[in-house]
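Accompanying notes for the structure given below.
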Amino acid sequence: MGSPRVLLCSPDHFDVVYAINPHMVGDDGRLSEVDRPRAVAQWHGLKNAYERLGVEVNVIPGVAGLPDMVFTANQTFPWRTADGSLHVLLSSMASVERRPEVPYFRRWYEERGYTIHVPDPSWGLLEGMGDLLWHPTRPALLGGHGFRTSERALIEIEALVGVPVVPLRLVDPRWYHLDTCLAPLDGSRALVCPKAFDPVSWDAIEDLFPDWISPVEDEGERGFACNLHVVGGESVIIDDASPRTAVLLEELGWNVVRLPMTEFRKSGGSVFCLKMELPRSES
Ligand code: ARG
């Protein structure tokens, strides 16, 4: 298998100008204020970290007026089939503000020969890899639903992609995407925030990941610990606001890269949200 590949979106137009999750407003109810030069520097820190880890980085240009486009985990879900062909499912974004992002990604994939799949409106909502995580060792997907993705969409994705999708119901708006509360680490272990799930879904997670661990103290909420990205099965990139969880992961043998993500957390996102994992090349 080829090396890992990600798609990032340049951060020039990133901002917080509307609130579609609880992280986007402060305790006073006002929109969070982004330090834009700092956001740009933090994004370059992520890009550099990927390059140092040997990840191929692709960049789509950000677009004025689309302040959340930088969160490339959400607009699409790409995969490669057993015969080697490349496919991508476009998202049905939950918020009207984010829907205009999708055509830019469609064009990017079209230019690279992917077969484009457009979800039927009857599927309901769908926000790409924000709610669809690959199981680290099995041909299976974990599918979050409840806020940004509909349960119906998960059933349709199972048929389209041809792998089982384990539905997991999210019940707390602080953890509105599956990637904010679950990070599969290996075949038996995940970093997970139990409070984010309903009891039936929690049982499913305990079955799937019997060696699960939780972020230390409040790092799963304030530090976006579960929004880490596992790179190549050995390294994890994690938000610098989760230092104690980072140490826990180091003790478990991971090569941990900590990055400041203060500005993106003001929008309700961190490391995992800022990239799309592209299918690897076949060679
Ligand atoms: N402000 C963005 C939104 O609410 C943040 C998206 C974060 N992405 C993620 N995959 N969790 O849609």
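If you take every residue apart from Cys273 with its C-beta less than 14 Å away from the C-beta of Cys273, what net charge results, scoring Lys and Arg +1 and Asp and Glu -1?
Working: positive: Arg98, Arg148, Arg265, Lys266, Lys275; negative: Asp68, Glu101, Glu127, Asp131, Asp179, Asp239, Glu263, Glu277.
Summing Lys and Arg as +1 and Asp and Glu as -1 gives -3.
Can you pull the three principal axis extents for the Cα set of the chain, in Å, largest first?
45, 45, 37
For segment 45-119, which whole percent of the accessible surface, found with a 1.4 angstrom probe, sits on carbon and sulfur atoms? Before the final figure, lay out each step's value.
Working: 1560 of 3070 Å².
Heavy-atom surface of segment 45-119 belonging to carbon and sulfur, 1.4 Å probe: 51 percent.
Counting only heavy atoms of the protein chains, get the accessible area per residue of segment 217-277 (1.4 Å probe) and round it to a whole Å² value.
Numbers: 2090 Å² over 61 residues.
Each residue of segment 217-277 exposes 34 Å² on average to a 1.4 Å probe.
Rounded to a whole number, what % of the accessible area of segment 127-166 do carbon and sulfur atoms account for, probe 1.4 Å?
Numbers: 830 of 1480 Å².
Percent of accessible area from carbon and sulfur atoms in segment 127-166: 56.
Sort out the exposed loop trypsin sites (Lys or Arg not before Pro) in the chain (DSSP loop, at most 13 other Cβ within 10 Å) and tell me the longest stretch that has none. If you can, show how the numbers build up before the last one.
Working: sites that count: Arg30, Arg112, Arg280.
In short, 113-279.
In deg cm²/dmol, rounded to 500, what helix-only [θ] at 222 nm does the chain give when every DSSP H run of at least 4 residues adds -39500 (n - 2.57) and the total is split over its residues? Before the final figure, lay out each step's value.
Values: 6 runs with 57 residues, N = 283.
Counting only the DSSP helices, I get -6000 deg cm²/dmol.
Among all cysteines in the chain, which have no other cysteine Cβ under 4.7 Å from their own Cβ?
Cys9, Cys226, Cys273
Using a 1.4 Å probe over the heavy atoms of the protein chains, calculate the carbon and sulfur portion of the accessible area of segment 182-283 as a whole percent. Kindly include the intermediate steps, with their values, before the conclusion.
Values: 1870 of 3890 Å².
So the carbon and sulfur contribution to the accessible surface is 48 percent.
With a 1.4 Å probe and all protein chains left in place, how much accessible area per residue does segment 46-98 have, in Å²?
On the way: 1810 Å² over 53 residues.
Computed with neighbouring chains in place, this is 34 Å² per residue.
Over 10 Å intervals from 0, what percent of Cα-Cα pairs in segment 98-144 sits in each interval?
Calculated P(r), rounded to whole percents: 20, 43, 35, 2.
Past the 18 angstrom mark, what percentage of all C-alpha to C-alpha distances in segment 87-191 do you count? Intermediate results must be reported in sequence, preceding the final value.
Working: 2688 of 5460 pairs.
Of all Cα-Cα distances in segment 87-191, 49 percent exceed 18 Å.
The values are calculated or read from the model by the stated rules, or taken from the named source; none is laboratory data. The model shown is predicted, which means the values in this text are computed figures rather than measured ones. Cβ coordinates were reconstructed from backbone atoms using ideal geometry, including for glycine residues, and neighbour counts include every protein chain displayed. Side chains included, ligands, DNA and RNA excluded: accessible areas come from the protein's heavy atoms. Shrake-Rupley method; radii C 1.70, N 1.55, O 1.52, S 1.80 Å.
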